[in-house]
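Single-structure report; data block below.
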Amino acid sequence: MRFMMLMIPAVYQGEKGRQAKADFAPPAEAVERMMKYNEELAKAGVLVSLDGLQPPASGARISFSGGKVRVTDGPFTESKEVLGGYWMINVKSREEAIEWAKRVPADDGDVIEVRQVAEIEDWPEDARNAAKNLVVEEAVRRHGKS
């Protein structure tokens, strides 16, 4: 079962007076702790992929309403939860995914959200048929979906 662990860092939320600017970079000791954790995931054979994201100040949101598209440049002051990165893991259960999430070397105020990947095979037949797309299926295969 694949799960995505979403990192929601306090520094992106403005928690406790902290706010990441567009040029934010984590301190070296935090990076070192995270790299050790990432290595544990890899050695355990559960890591599928991972990435960190640039701060919200450098992002953009595209919203759709009433047939119109609106682009809003970051930072997103109205947001309470902004992603800072993710891990995609392949484990046997939700409980195992939660156990891995509990081991993240997070800072005070950080949040990890664990979400199971929706597998097309679990959908009703009509939805599976509507999702058939050979180009997408090949791209997924090339990128190592388990």
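The numbers here are math on the coordinates, done by the rules we state, and not lab data. Quick caveat, the model's predicted, so the values are computed rather than measured. Every residue, glycine as well, gets a Cβ built from its backbone with ideal geometry; the counts of neighbours run over all protein chains shown.
What pairs in LYS68/LYS132; LYS43/LYS92; LYS102/LYS132 have C-alpha atoms more than 26 Å from each other?
Exceeds cut-off: LYS68/LYS132; LYS102/LYS132.
Mind ordering 100-107, 82-89, 43-50 by average Cβ neighbours within 10 Å, highest first?
In decreasing order of mean packing, 100-107, 82-89, 43-50 become 82-89, 100-107, 43-50.
Roughly how far apart, in whole Å, are the Cα centres of segment 21-47 and segment 71-120?
Rounded to whole Å, the Cα centres lie 14 Å apart.
Within segment 37-146, report the GluC sites (Glu not before Pro) that DSSP leaves as loop and that have at most 16 other Cβ atoms within 10 Å.
Qualifying residues, ordered by number: GLU78, GLU81, GLU119.
If you bin every alpha carbon distance in the chain into 5 Å steps from zero, what whole percent lands in each bin?
Spelled out per bin, shortest first, that is 2, 8, 14, 17, 16, 16, 15, 8, 4, 1.
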